[in-house]
Amino acid sequence: MSPILSIEQLAITLRGDLRVVDDVSLEVPEGEIVGIAGESGSGKSMTASALLGLLPDRSVTAGQAWWRGGREPVDLLTLDQRSWNRVRGREIAMVFQDATASLHPMLTVGTQITEHMRVHLKMSRRAARARAIELLDRVRIPDPEGALRSYPHQFSGGMRQRVAIAAALACEPRLLVADEPTTALDVTVQAGILRLLEELRIESGLSVLFITHDLAVLAALTTHAYVFREGRVIESGPTEALLFHPEHDYTKTLVAARPQADDWDDPEPVAGATA
Ligand SMILES: Nc1ncnc2c1ncn2[C@@H]1O[C@H](COP(=O)(O)OP(=O)(O)O)[C@@H](O)[C@H]1O
Ligand SMILES: [Mg+2]
């Protein structure tokens, strides 16, 4: 079966001729969690932005990004605004490192989650509300009904990221692009989010492109991974093989530099705790 997403030789040049992605090819098979690792500035976020049509103004791309999660295959690099309205948030959703970037500070959580559904899925207010409660429960937010009336700042970082994930999942996207969604969180909270993504993958067949600079997270979550450096994929393969038998010197350095902490695997605190 063709992968749900295949990026072929993506290059991105920003205004002023700054080449930030040089040569990236990668695939996300349906229902799998694929990882991207690499140092800061290696083009991970730019690649993710290209997949959602969120590159800075006047960026120029080369290559293709074939999306097969819709009615017919489309090259995401060539979509017009109308097509984006269909794809972004609906077929492909994104969560960012900082949940405050995904959520609007002035709108209640309920409005943010239900708005997507009312616009995209044309759901009634009542149906959207019921689904929002279900989603918040799904991401283990205690008291989902109370949460609907709350504003993002009323949640802790971990809970806010869960809310952002719930909002991202509102329209049942086929692919979730997660750009370092757990980097700002402590290890226990992070473990809970990783578990959630794995559950969603198993239960709903969600495909995930997960960006991280944390190799422990990569190992825990992904089956296949790509290592970025200076805008290029320098190594890729099954995650285990990649981490235990890296071939490229750069990947060896990354693996050697990985903190020897297994503590990200700690059990999650009970719901309602500070997570
Ligand atoms: N809006 C921007 N304008 C100019 N350069 C940018 C912008 N955003 C990112 N860059 C540059 O693009 C390169 C890749 O950035 P990015 O994709 O964010 O890296 P990563 O996510 O891997 O840390 C970096 O050199 C960064 O400085
Ligand atoms: Mg980034």
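The values are calculated or read from the model by the stated rules, or taken from the named source; none is laboratory data. Please read these numbers as outputs of a predicted model, since none were measured by experiment. No Cβ is skipped: glycine too gets one built from the backbone with ideal geometry, and neighbour counts run over all protein chains shown. Only protein heavy atoms, including side chains, enter the accessible area calculation; ligands, DNA and RNA are left aside. Shrake-Rupley method; radii C 1.70, N 1.55, O 1.52, S 1.80 Å.
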Please determine whether any residue of the range 39-62 is acidic (Asp, Glu) and under 28 Å from residue 215 (Cα atoms). yes
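What about residue 64, is it touching a residue at least 40 places away in the same chain (Cβ under 8 Å), within 13 Å of ligand 1 (Cβ to nearest atom), open to solvent by 50 Å² or more (accessible area, probe 1.4 Å) and in contact with a helix residue (DSSP H, G or I) (Cβ under 9 Å, 6 or more places away or on another chain)? I'd like the intermediate steps shown before the answer.
Numbers: touching a residue at least 40 places away in the same chain (Cβ under 8 Å): yes; within 13 Å of ligand 1 (Cβ to nearest atom): no; open to solvent by 50 Å² or more (accessible area, probe 1.4 Å): yes; in contact with a helix residue (DSSP H, G or I) (Cβ under 9 Å, 6 or more places away or on another chain): yes.
Answer is no for this residue.
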Looking only at the range 203-213, and only at residues there that are in contact with a Gly (Cβ under 8 Å, 6 or more places away or on another chain) and more than 16 Å from ligand 2 (Cβ to nearest atom), the one that is farthest from residue 158 (Cα to Cα): 205
Picked from the range 181-202 (must be open to solvent by 30 Å² or more (accessible area, probe 1.4 Å) and hydroxyl-bearing (Ser, Thr, Tyr)), the residue farthest from ligand 2 (Cβ to nearest atom) is 188
Condition first: out of contact with any helix residue (DSSP H, G or I) (no Cβ under 7 Å at 6 or more places or on another chain), open to solvent by less than 10 Å² (accessible area, probe 1.4 Å) and more than 16 Å from ligand 2 (Cβ to nearest atom). Can you find one or more residues in the range 70-80 that meet it? no
Closer than 19 Å to residue 102 by Cα and either buried (at least 21 other Cβ atoms within 10 Å of the Cβ) or modelled with pLDDT of 90 or more (or both): is that true of residue 178 in this structure? yes
Would the range 25-32 turn up any residue that is open to solvent by 60 Å² or more (accessible area, probe 1.4 Å) and on the phi > 0 side of the Ramachandran plot? no
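Residue by residue through the range 39-53, note down the ones that are more than 6 Å from ligand 1 (Cβ to nearest atom) and in contact (Cβ under 8 Å) with a residue 24 or more places away in the chain.
Here is the first cut: in the range 39-53, the ones more than 6 Å from ligand 1 (Cβ to nearest atom) are 39, 47-53.
Listed by number, the residues that qualify are 39, 47, 48, 50, 51, 52, 53.
Return the only residue of 228, 244 being crowded, with 17+ Cβ neighbours inside 10 Å and either more than 19 Å from residue 42 (Cβ to Cβ) or of a type outside the set (S, T, N, Q) (or both).
Values: 244 fails: crowded, with 17+ Cβ neighbours inside 10 Å.
Step by step, each of 228, 244 is checked, and only 228 is crowded, with 17+ Cβ neighbours inside 10 Å and either more than 19 Å from residue 42 (Cβ to Cβ) or of a type outside the set (S, T, N, Q) (or both).
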List pairs: first in the range 236-253 and over 21 Å from residue 33 (Cβ atoms), second among the β-branched types (Val, Ile, Thr) and open to solvent by less than 20 Å² (accessible area, probe 1.4 Å), Cβ under 9 Å, 6+ apart or cross-chain? 248/227; 250/227
Among the residues of the range 144-154, write down those that are in contact (Cβ under 8 Å) with a residue 40 or more places away in the chain and either surrounded by fewer than 17 Cβ atoms within 10 Å (Cβ to Cβ) or assigned to a loop (DSSP other than H, G, I, E, B) (or both). 149, 150, 151, 153
Report yes if some residue within the range 206-222 is open to solvent by 30 Å² or more (accessible area, probe 1.4 Å), modelled with pLDDT under 95 and over 15 Å from the mean Cα position of the chain (by Cα); otherwise report no. yes
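Would you confirm, using the coordinates I've provided, whether residue 47 is open to solvent by less than 80 Å² (accessible area, probe 1.4 Å), farther than 17 Å from residue 174 by Cα, at pLDDT 95 or above and not assigned by TED's automatic domain parsing to the domain that holds residue 189?
Working: open to solvent by less than 80 Å² (accessible area, probe 1.4 Å): yes; farther than 17 Å from residue 174 by Cα: yes; at pLDDT 95 or above: yes; not assigned by TED's automatic domain parsing to the domain that holds residue 189: no.
In short, no.
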